[in-house]
Amino acid sequence: MNFQKICVMGLGYIGLPTASTFATHGIQVIGVDVNQRVIETLKNGGIHIHEPGLRTVVEAAIKSGNMTVTEQPEEADAFLIAVPTPFYPDQTGEYEGETYKLADMRAVTSAAGAIVPYLRKGNLVILESTSPPRTTVDLVQPILERTGLKAGSDFHLAYSPERVLPGQILRELIENARVIGGVTPESAEAGAELYTTFVKGEIIRTDATTAEMVKLMENTTRDVNIAIANEFARLADRFGVDVWEAINLANLHPRINILTPGPGVGGHCISVDPWFFVETAPDLTPLIYTARKVNDEQPHYVMSLLQKALGSLKDKRIAALGLAYKPDVDDLRESPAAEVVRLLIDAGADILAFEPFKTEGLPGIPMAATLEVAIKDADAILLLVRHSQFREMDPTEIARLTSARVIVDTVNAWDAVAWQEVGFNVFRLGVGK
């Protein structure tokens with residue numbers, strides 16, 4: 001196929017890097033987003049996402065004339081759907097007395113519907129949004145076929161999951177292997193042909209539902225493995241063990257790779273994708289469901305560690321360092337750090353949070369503009385994210401800047417002895433010694 005013009009629906013953490021990468025490789029790209037603020041930011045030369053190198057690529061894409069941004073799609077040779085698939089905030093499912101979260105697919109439905117007036121014979125449509133199994137064939141395909149065209153014969157339809165790491169998105173978009181699942185082998189081949197525009201990694205063809213499962217399986221595996229690490233941390237607390245030492249020793253075995261515990265699991269992948277399996281097959285997923293419960297409950301366990309360190313939480317001033325779901329990114333989606341802070345506020349603590357990558361923070365969470373302001377009058381310092389800035393903090397300098405003499409490290413970022421030597425009482429997640 002000859003792809004001269006593509007339309008990317010959704011300019012978020014995946015859509016914007018993908019659109020700008022296609023544009024810098026010579027494809028005419030129409031970037032579409034329903035958020036007017038996003039469109040205005042991009043038209044004014046800014047970007048709304050923190051990702052290393054992204055500003056340079058977006059500027060190059062727009063300056064070249066190959067990428068324009070708008071709120072409405074246009075006719076194109078190919079359409080990529082890269083919109084969010086969050087949970088419903090107020091709806092759950094139930095199976096044998098247990099509740100589970102439900103995927104909100106309205107953005108996918110809306111994006112597919114918006115393509116319908118512009119879909120033409122011979123076009124290619126690719127869904128990239130992480131979705132429950134069979135979304136491509138059971139949800140997207142019927143919407144697109146309202147045109148009277150048939151998927152697989154009149155137009156190509158495929159699913160290709162993004163498999164990139166925030167902080168490394170631009171490199172991994174190009175270098176990682178890519179899975180293309182078509183509703184027919186010809187659709188998979190068409191999708192593979194499009195991605196050869198810039199993908200240097202291996203491109204593997206399969207069917208659409210297999211491709212959907214691949215992404216969910218990858219993140220569900222990590223979620224289950226993190227859950228067991230979090231349970232190990234709780235056991236270490238009870239048995240008087242340093243879980244970090246124990247994990248290091250266990251991982252010396254050539255067939256063991258225990259992941260690290262922490263305040264929970266966040267982001268729009270690992271904390272979300274396993275629920276898609278539970279939603280679509282609750283009778284077959286008791287292990288996945290339990291792992292999700294363990295990780296969702298971890299912020300409560302962190303709060304209990306604060307209670308151990310401070311006694312009562314009421315009116316205690318706590319500087320919470322980090323709100324992102326992982327180190328050195330600005331992504332706060334499904335962040336366990338933010339959930340810890342909300343629990344502490346509900347318990348009566350006086351919280352002041354500092355997130356170096358997103359100083360405006362989240363609604364309902366008091367924010368400090370600088371680290372110094374956050375810690376100045378604190379009773380305790382709570383480390384929730386392993387940002388580089390936090391890992392490199394000098395205990396002596398911090399002791400000079402704050403009245404706090406209690407620190408709680410939930411991510412094993414600090415040398416406990418160094419902090420103790422300058423007068424801090426140190427509490428660490430998973431350390432019962």
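The values are calculated or read from the model by the stated rules, or taken from the named source; none is laboratory data. Model, not experiment: these values are computed from the prediction. Virtual Cβ from ideal backbone geometry, glycine too; neighbours counted across all protein chains shown. SASA here: full protein model, heavy atoms, side chains in, ligands and nucleic acids out. Shrake-Rupley method; radii C 1.70, N 1.55, O 1.52, S 1.80 Å.
Tell me, which residue of the range 381-413 that is of a type in the set (A, V, I, L, M) and assigned to a strand (DSSP E or B) is farthest from Asp330 (Cα to Cα)? Walk me through how you get there before you give the answer.
So in the range 381-413, the residues of a type in the set (A, V, I, L, M) come out as 381-385, 393, 398-399, 401, 404, 406-408, 411, 413.
Filter once more, so that each one left must be assigned to a strand (DSSP E or B): 381-383, 406-408.
On the way: Ile381: 21, Leu382: 19, Leu383: 16, Val406: 27, Ile407: 24, Val408: 22 Å.
Across the range 381-413, the extreme among qualifying residues is Val406.
From the residues in the range 66-109 that are among the β-branched types (Val, Ile, Thr) and over 20 Å from the mean Cα position of the chain (by Cα), which one is nearest to Gly31 (Cα to Cα)? Outline the logic, then answer.
Within the range 66-109, the subset among the β-branched types (Val, Ile, Thr) is 68-70, 81, 83, 85, 92, 99, 108-109.
From the residues that got through so far, the ones that are over 20 Å from the mean Cα position of the chain (by Cα) too are 68-70, 92, 99, 109.
Working: Thr68: 6, Val69: 5, Thr70: 6, Thr92: 33, Thr99: 38, Thr109: 18 Å.
Residue satisfying both the conditions and the ranking: Val69.
Give Glu297, Glu339, Glu360, Glu279 a once-over and let me know the one that is out of contact with any His (no Cβ under 6 Å at 6 or more places or on another chain), among the acidic types (Asp, Glu) and modelled with pLDDT under 95.
Working: Glu297 fails: modelled with pLDDT under 95; Glu339 fails: modelled with pLDDT under 95; Glu279 fails: modelled with pLDDT under 95.
Answer to the check: Glu360.
Condition first: assigned to a loop (DSSP other than H, G, I, E, B), without any contact (Cβ under 8 Å) to a residue 12 or more places away in the chain and open to solvent by less than 60 Å² (accessible area, probe 1.4 Å). Now tell me which residues in the range 229-258 satisfy that.
Asn251
Of all residues in the range 367-398, how many are open to solvent by 10 Å² or more (accessible area, probe 1.4 Å) and either out of contact with any Leu (no Cβ under 6 Å at 6 or more places or on another chain) or modelled with pLDDT under 95 (or both)?
First, pick out the residues of the range 367-398 that are open to solvent by 10 Å² or more (accessible area, probe 1.4 Å): 367, 369-373, 376-377, 379, 386, 388-389, 391-397.
Of the ones still in play, those that are also either out of contact with any Leu (no Cβ under 6 Å at 6 or more places or on another chain) or modelled with pLDDT under 95 (or both) are 367, 369-371, 373, 376-377, 379, 386, 388-389, 391-397.
So the count comes out to 18.
Do we find that Leu382 is touching a strand residue (DSSP E or B) at 6+ places or on another chain (Cβ under 6 Å), under 18 Å from Phe424 (Cα atoms) and not acidic (Asp, Glu) in this structure? Before the answer, list the steps.
Values: touching a strand residue (DSSP E or B) at 6+ places or on another chain (Cβ under 6 Å): yes; under 18 Å from Phe424 (Cα atoms): yes; not acidic (Asp, Glu): yes.
So Leu382 passes the test.
Being out of contact with any His (no Cβ under 7 Å at 6 or more places or on another chain), of a type in the set (Ser, Thr, Tyr) and not in a loop (DSSP other than H, G, I, E, B) is the requirement here; does Thr221 meet it?
Details: out of contact with any His (no Cβ under 7 Å at 6 or more places or on another chain): yes; of a type in the set (Ser, Thr, Tyr): yes; not in a loop (DSSP other than H, G, I, E, B): yes.
Against the criterion (out of contact with any His (no Cβ under 7 Å at 6 or more places or on another chain), of a type in the set (Ser, Thr, Tyr) and not in a loop (DSSP other than H, G, I, E, B)), Thr221 qualifies.
Being farther than 29 Å from Thr280 by Cα, crowded, with 22+ Cβ neighbours inside 10 Å, modelled with pLDDT of 95 or more and not acidic (Asp, Glu), is that true of even one residue in the range 122-141?
Checked the range 122-141: at least one residue is farther than 29 Å from Thr280 by Cα, crowded, with 22+ Cβ neighbours inside 10 Å, modelled with pLDDT of 95 or more and not acidic (Asp, Glu).
If you check Thr99 against the conditions, is it open to solvent by 40 Å² or more (accessible area, probe 1.4 Å), outside any loop (DSSP other than H, G, I, E, B), farther than 30 Å from Ile288 by Cα and hydroxyl-bearing (Ser, Thr, Tyr)? Don't jump to the end; show me each part of the working.
Values: open to solvent by 40 Å² or more (accessible area, probe 1.4 Å): yes; outside any loop (DSSP other than H, G, I, E, B): yes; farther than 30 Å from Ile288 by Cα: no; hydroxyl-bearing (Ser, Thr, Tyr): yes.
Spelling it out, it is not the case that Thr99 is open to solvent by 40 Å² or more (accessible area, probe 1.4 Å), outside any loop (DSSP other than H, G, I, E, B), farther than 30 Å from Ile288 by Cα and hydroxyl-bearing (Ser, Thr, Tyr).
Just wondering, is there one or more residues in the range 60-80 that are over 21 Å from Val183 (Cα atoms), hydroxyl-bearing (Ser, Thr, Tyr), at pLDDT below 95 and not in a loop (DSSP other than H, G, I, E, B)?
No: the range 60-80 contains no residue that is over 21 Å from Val183 (Cα atoms), hydroxyl-bearing (Ser, Thr, Tyr), at pLDDT below 95 and not in a loop (DSSP other than H, G, I, E, B).
Quick check on my filter: what residues within the range 295-331 are open to solvent by less than 10 Å² (accessible area, probe 1.4 Å) and outside any loop (DSSP other than H, G, I, E, B)?
Asn295, Gln298, Pro299, Val302, Leu306, Ile318, Ala319, Ala320, Leu321
What strands (runs of 3 or more DSSP E) lie completely within the range 133-207 and have 3 or more residues being closer than 15 Å to Leu80 by Cα? Give the steps one after another, and end with the answer.
Numbers: elements: 156-159, 178-182, 203-207.
It comes to 156-159, 178-182.
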